[in-house]
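The values are calculated or read from the model by the stated rules, or taken from the named source; none is laboratory data. The structure displayed is predicted, hence computed values, not measured ones. In this analysis, Cβ positions are derived from the backbone assuming ideal geometry, glycine residues included, and neighbour counts consider all displayed protein chains.
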Amino acid sequence: MVNVLFVCLGNICRSPMAESVFREVVRQKGYSGSFEIDSAGTAGYHIGKQPDRRTLEVLEDRGLYTTHRGQKIDAELLEWADHIAVMDEANFENVHNFLHKELKRPPEPEKLFLIRDFDPEVRGVQEVPDPYYESKEAFEEVYVLLERSSEALLEHLIDLHGLEPDPDDEEE
């Protein structure tokens, strides 16, 4: 089982959307049996809360639903994760520092990275913009970035871990 954690600041906009998008990409490609997927925030502002209503609307518009509740990263969750996909530089730095302190060494690049490192349409450091103070359209744009990046991330993880499709999954 490959454990993938998506991280943003409050865990109500970008990371729960990334969790849902990646879960759907994994399902569509037939690898659900190979992955555990979760998300968390580096701040505890929204612990126990549902994702932002605009996140839920954008997901629902595409037939996706989530039961996720906001949570803050901790040592147990970071230890659980084989791969941690972070939405932006500030949160990457927070997770990196936390992992460095816990592991007593810097995390490997395969463990911690920016999700848009896998976006085939960009080069260099790119962040998923925080849509919290924006309109629903900004959430729509985030969805597109996450979907594109998730597809490439999945291909990378399939190759990295030598995964085979789950015969019980429905491949589309």
* Scan the stretch 48-66 and give yes if some residue there is over 30 Å from residue 162 (Cβ atoms), free of Cβ contacts under 8 Å to residues at least 60 places away in the same chain, out of contact with any Phe, Trp or Tyr (no Cβ under 7 Å at 6 or more places or on another chain) and β-branched (Val, Ile, Thr), otherwise no. => no
* Are any of the residues in the stretch 24-36 assigned to a loop (DSSP other than H, G, I, E, B) and farther than 26 Å from residue 125 by Cα? -> yes
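For every residue, the table says whether it meets (1) closer than 24 Å to residue 53 by Cα; (2) at pLDDT below 95; (3) assigned to a loop (DSSP other than H, G, I, E, B).
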position: 131; (1), (2), (3): yes, no, yes
position: 139; (1), (2), (3): yes, no, no
position: 147; (1), (2), (3): yes, no, no
position: 166; (1), (2), (3): no, yes, yes
position: 169; (1), (2), (3): no, yes, yes
* Structure fact -> All-but-one check, residue 139 against (1) of a type in the set (Phe, Trp, Tyr); (2) surrounded by fewer than 19 Cβ atoms within 10 Å (Cβ to Cβ); (3) in contact with a Ser or Thr (Cβ under 8 Å, 6 or more places away or on another chain), failing number (2)
* To do: For the stretch 96-110, state whether one or more residues are closer than 17 Å to residue 22 by Cβ, of a type outside the set (Asp, Glu) and surrounded by 14 or more Cβ atoms within 10 Å (Cβ to Cβ).
  => no
* Asked: Given the conditions (1) in a loop (DSSP other than H, G, I, E, B); (2) touching a residue at least 24 places away in the same chain (Cβ under 8 Å), and given that residue 107 satisfies all but one, which numbered condition is not satisfied?
  -> (2)
* Asked: How many of the residues making up the stretch 51-104 are part of a helix (DSSP H, G or I) and either at pLDDT 95 or above or out of contact with any Lys or Arg (no Cβ under 8 Å at 6 or more places or on another chain) (or both)?
  -> 29
